[in-house]
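Student: Questions regarding the structure given below will be posed in turn.
The values are calculated or read from the model by the stated rules, or taken from the named source; none is laboratory data. Keep in mind the model is a prediction, meaning the values are calculated, not measured. Glycine gets a Cβ as well: all are built from the backbone with ideal geometry, and neighbour counts include every protein chain shown. Surface accessibility is based on the protein's heavy atoms, side chains included, excluding ligands, DNA and RNA. Shrake-Rupley method; radii C 1.70, N 1.55, O 1.52, S 1.80 Å.
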Amino acid sequence: MQSAETEIGVVHTKVGRASDSQVAALTGYGVATVHEVIGRRGLMEPYMRPVYRGSQVCGNAVTVLLQPGDNWMMHVVAELIQEGDVVVAGITSDCPGGYFGDLLATSFKSRGAKGLVIDAGVRDTAQYEAMGFPVWSKYICAQGTVKDTVGSVNVPVMCAGQLVRPGDIVVADDDGVIVVPNELAASAARGALARENSETDKRAKFAKGELGLDMYSMRDGLKTAGLRYVD
């Protein structure tokens, strides 16, 4: 649900995107890793699922605000997509329906979009994997929509519990979707690299049989908490 201050009926044509180098620095890291290094924030509700497994994207958000049962603005946002963008769609009030299908996916992809994140429904899902266009959605629903009421493009939107501003970085994979504020892009990339290096080292130790109890020095804490071993 959007706030009363949300702009309706406006299209902002300019977006302060993160740089290509900032996006590239975050590309390839998992949602779980990024979530940890930015302070466990920005994670969308777990109902946001990829239409097909193995999906992964990282790119600048281009936002669109939809009205219930109306996908008019999906056609409007297509004109504003730039190469490497991820379209993020919020809705003024929850309403299942197929706001997006294979024709719009074809349009978005031709404009350079990496994928779509939508807090509503999509249809024609069998085609997305074949065409290599990843989609994360709340619903899969064959019901059609109308084109009667304007929303907005490139305004801050609420999507699955998170505020998404145009130009924020969206990272999505099989674990879900996370929003990285534009101003945190550089520190998030540094943190993700450090965490990945640390986890690589720990993974090697686990593979050799070392226990997390010892690696993380848990035994004294467990004893203090009252854990007892009984033969």
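Student: Across region 13-47, what is the number of residues that are more than 13 Å from the chain's Cα centre (by Cα) and of a type in the set (Phe, Trp, Tyr)?
Tutor: Total satisfying the criteria: 0.
Student: Return the residues of region 138-159 that are in contact with a Phe, Trp or Tyr (Cβ under 6 Å, 6 or more places away or on another chain), part of a loop (DSSP other than H, G, I, E, B) and either among the β-branched types (Val, Ile, Thr) or under 22 Å from Met44 (Cβ atoms) (or both); say none if nothing qualifies. Lay out the reasoning, then the answer.
Tutor: Start the filter on region 138-159 by keeping residues that are in contact with a Phe, Trp or Tyr (Cβ under 6 Å, 6 or more places away or on another chain), which leaves 138, 145, 147.
Narrowing the set further to residues that are part of a loop (DSSP other than H, G, I, E, B) leaves 145, 147.
Residue satisfying the conditions is Thr145 alone.
Student: Checking Asn60 against (1) touching a Cys at 6+ places or on another chain (Cβ under 9 Å); (2) assigned to a strand (DSSP E or B): exactly one of these is not met. Which one?
Tutor: If we test Asn60 against (1) touching a Cys at 6+ places or on another chain (Cβ under 9 Å); (2) assigned to a strand (DSSP E or B), just (1) comes out false.
Student: Could you tell me which residue of region 38-56 is nearest to Leu163 (Cα to Cα), considering only residues that are assigned to a strand (DSSP E or B) and open to solvent by less than 90 Å² (accessible area, probe 1.4 Å)?
Tutor: Going through region 38-56, the residues assigned to a strand (DSSP E or B) turn out to be 43, 49-50.
So of that shortlist, the ones also open to solvent by less than 90 Å² (accessible area, probe 1.4 Å) come out as 43, 50.
Working: Leu43: 10, Pro50: 20 Å.
My answer is Leu43.
Student: Across region 96-153, which residue is most open to solvent (accessible area, probe 1.4 Å) among those that are over 19 Å from Leu80 (Cβ atoms) and of a type in the set (Phe, Trp, Tyr)?
Tutor: Checking each candidate, the answer is Tyr139.
Student: The conditions are (1) part of a loop (DSSP other than H, G, I, E, B); (2) small (Gly, Ala, Ser); (3) open to solvent by less than 30 Å² (accessible area, probe 1.4 Å), and Gly191 fails exactly one of them. Which is it?
Tutor: For Gly191, the exception is condition (1).
Student: Kindly indicate whether any position in region 20-27 is open to solvent by 30 Å² or more (accessible area, probe 1.4 Å) and over 18 Å from Leu193 (Cα atoms).
Tutor: No, there is no match, as no residue in region 20-27 is open to solvent by 30 Å² or more (accessible area, probe 1.4 Å) and over 18 Å from Leu193 (Cα atoms).
Student: Further, regarding this structure: For region 162-188, enumerate the residues that are open to solvent by less than 50 Å² (accessible area, probe 1.4 Å) and part of a loop (DSSP other than H, G, I, E, B).
Tutor: Hits for region 162-188 are Pro166, Gly167, Asp168, Asp174, Pro181.
Student: Taking the options Val146, Val164, name whichever one is within 13 Å of the chain's Cα centre (by Cα) and on the phi < 0 side of the Ramachandran plot. Step through it out loud before you land on a result.
Tutor: Details: Val146 fails: within 13 Å of the chain's Cα centre (by Cα).
Exactly one of Val146, Val164 is within 13 Å of the chain's Cα centre (by Cα) and on the phi < 0 side of the Ramachandran plot, namely Val164.
Student: State the number of residues belonging to region 206-231 that are assigned to a helix (DSSP H, G or I) and open to solvent by less than 80 Å² (accessible area, probe 1.4 Å). It would help to see each step written out before you state the result.
Tutor: Applying the first criterion (assigned to a helix (DSSP H, G or I)) to region 206-231 yields 206-207, 212-215, 219-224.
Restricting the remaining residues to those that are open to solvent by less than 80 Å² (accessible area, probe 1.4 Å) gives 212-215, 221-222.
Total meeting the criteria: 6.
Student: Here's another thing I want to ask about it. Can you name the condition, by its number, that Thr13 falls short on among (1) surrounded by 13 or more Cβ atoms within 10 Å (Cβ to Cβ); (2) assigned to a loop (DSSP other than H, G, I, E, B); (3) of a type in the set (Ser, Thr, Tyr)?
Tutor: Unmet for Thr13, out of (1) surrounded by 13 or more Cβ atoms within 10 Å (Cβ to Cβ); (2) assigned to a loop (DSSP other than H, G, I, E, B); (3) of a type in the set (Ser, Thr, Tyr): (1).
Student: I'd like to verify a number: residues in region 84-137 that are out of contact with any strand residue (DSSP E or B) (no Cβ under 9 Å at 6 or more places or on another chain), in contact (Cβ under 8 Å) with a residue 24 or more places away in the chain and in a loop (DSSP other than H, G, I, E, B), how many?
Tutor: Residues that pass the stated criteria total 1.
Student: Do we find a residue being without any contact (Cβ under 8 Å) to a residue 40 or more places away in the chain and open to solvent by 10 Å² or more (accessible area, probe 1.4 Å) anywhere in region 60-70? Show your work before the answer.
Tutor: Start the filter on region 60-70 by keeping residues that are without any contact (Cβ under 8 Å) to a residue 40 or more places away in the chain, which leaves 68.
Checking the rest, the ones that are also open to solvent by 10 Å² or more (accessible area, probe 1.4 Å) come to 68.
Yes: one or more hits.
Student: Follow-up. Just one of the numbered conditions (1) among the small types (Gly, Ala, Ser); (2) touching a residue at least 60 places away in the same chain (Cβ under 8 Å); (3) out of contact with any Ser or Thr (no Cβ under 6 Å at 6 or more places or on another chain) is not true of Gly209; which one?
Tutor: (2)
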